[in-house]
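**Q** Take a look at this one; I'll ask things after.
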Amino acid sequence: MGDSAARNTPAQTTAAHTSAAPPPEPYLTELAAGVHAFIQPDGGWCLNNAGFITDGDATLVVDTAATESRARVLRRRIAESGAPAPRMVVNTHHHGDHTYGNCVFAPEATVIGHASCRRELLAAGQQLHAVWPEVEYGDIRVTAPEVTYTDELALHVGDTEVRLIHPGVAHTTGDTVVWLPRQRIVFAGDLVFHGGTPFVFMGSLSGSLRALELLRTLDAVTVVPGHGPVTGPEVYDGIERYLRFVGRLAQEGRAAGLTPLEVAREADLGPFAELAESERLVANLHRAYAELAGTAPGAPLDLMAGFGDMTVMNGGVPMACHA
């Protein structure tokens, strides 16, 4: 803490970020034969990544998109690649930017996810509409996983094994890691933000650290983050440093009798000042404070308080949905 050029960087960087030009169009990048990532620049709020795996006879999609139009772009890109229409959609967690587009693929495709992903999605409903009502989402029908699992599930797309692994409560209560052991590719969902600030408000700080250890044990060569460009396993180190930074701030701030907002406003972000959406620091501190007080990982926190404090950190301007 203390005076620094990085003080209050969350408000400064994000306010500037939200006034930038519209992001570039989504694009496909081939990771291995039959395995593609669908990248949505700039990876900001509601611009998530997706992907698909195909053997020419069957296709599995990993996550969808926040709007009907973007999900239809994903579906079109899959068709243009020569892959058949998807039979399966796997959701890495319940947030609307990863699940709203499920309805574009169902009922032809079966939606699959963790049991808690289904529960949370049904409970949340049209969650993004409530946060960003001005966005043109299109005809969104909440489409929850029809097939669920609890610990691990193996799927097969031709000769490609696709392992779904639940890391415990981390980004949310119902996260799924999508692991392709032969290709050594992992779709990490929002356990990994590449170039953006991690977000554990609806999950667990300690659980996110454990999830990183799980990801390391997979020994992936290629990591598809939930947001940001495709990367390698070196991305885990920066995320771990940030999460431990949040933990230290929470311990110090709570001991000093400060609120999460007071701590966030005084924090010297140092190397983390370069991360987009840095207003998430205060929401992450809310979760860290709750865990220090003995609240169970993933237990609901006050959304109005968390998002309200992020708005304060964003210069008093609500965060912009980039979709």
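Readers should treat all values here as calculations from the given coordinates under stated rules, not as data from a laboratory. As the structure is a computational prediction, the values presented were derived from the model and not from experiment. Using ideal geometry, Cβ is built from the backbone for each residue, glycine included, and neighbour counts are taken over all protein chains shown.
**Q** Under the definition of Cα pairs under 8 Å and six or more residues apart, what whole-number percent is the relative contact order of the chain?
**A** So the answer I get is 21 percent.
**Q** Give the calculated FRET efficiency between Met304 and Val142 to the nearest 0.05, with a Förster radius of 25 Å applied to their Cβ-Cβ distance.
**A** On the way: r = 22 Å, r/R0 = 0.88.
Computed FRET efficiency for Met304 and Val142 comes out at 0.70.
**Q** Using Cα atoms only, what is the angle between the long axis of helix 68-80 and the major principal axis of the chain, expressed in degrees (0 to 90) to the nearest 10?
**A** Computed tilt is about 40 degrees.
**Q** A further question follows. Take every Cα pair under 8 Å in segment 206-261 that's 6+ residues apart, average their separations, divide by the length, and report that relative contact order as a whole percent.
**A** Taking the mean separation of contacting Cα pairs over the length of segment 206-261, I get 24 percent.
**Q** Mind checking the dipole of the chain: about its Cα centre, +1 per Lys or Arg Cβ, -1 per Asp or Glu Cβ, Debye to the nearest 20? Mind dumping the intermediate values first?
**A** Numbers: 22 positive and 37 negative charges, 45 e Å.
I would put it at about 220 debye.
**Q** Which one of Ala124, Gly226, Asn314 is farthest out on the positive end of the charge dipole of the chain, using unit charges on Cβ (Lys, Arg +1; Asp, Glu -1) and the Cα centre as origin?
**A** Result: Ala124, furthest along the dipole toward the positive end.
**Q** Ok, one more. Using +1 at the Cβ of each Lys and Arg and -1 at the Cβ of each Asp and Glu in segment 30-75, identify which of Ala71, Ala37, Ile53 lies farthest towards the dipole's positive end.
**A** So the residue furthest toward the plus end is Ala71.
**Q** OK, next. Output the relative contact order of segment 75-220, whole-number percent, from Cα pairs under 8 angstrom with separation of 6+ residues. Please list the in-between numbers first.
**A** Details: 246 pairs, mean separation 29.3, N = 146.
It rounds to 20 percent for segment 75-220.
**Q** Using alpha carbons only, how many angstrom separate the centre of segment 276-323 from the centre of segment 201-245?
**A** 19
**Q** As I understand it, the dipole of the chain uses +1 on the Cβ of Lys and Arg and -1 on the Cβ of Asp and Glu, about the Cα centre. Which of Gly207, Gly138, Thr150 lies farthest toward its positive end?
**A** So the residue furthest toward the plus end is Thr150.
**Q** What is the dipole size for segment 58-117, taken about its Cα centre, with +1 at each Lys and Arg Cβ and -1 at each Asp and Glu Cβ, in debye to the nearest 20? It would help to have the intermediate numbers written out before the result.
**A** Working: 6 positive and 5 negative charges, 30 e Å.
Charge dipole, segment 58-117, about its Cα centre: 140 debye, nearest 20.
**Q** Compute the length gained on full extension between Val312 and Thr217: take 0.36 nm times their separation in residues and subtract their Cα-Cα distance, giving the result in nm to one decimal. Can you show the working numbers first?
**A** Working: separation 95, 0.36 × 95 = 34.20 nm, distance 3.84 nm.
Result for the pair: 30.4 nm of gain on full extension.
**Q** Follow-up question, since we're still on this one. Once the Cα atoms of helix 205-218 and of the chain are each reduced to a long axis, what angle between those two axes, in degrees from 0 to 90 to the nearest 10, is obtained?
**A** Around 40 degrees separate the two axes.
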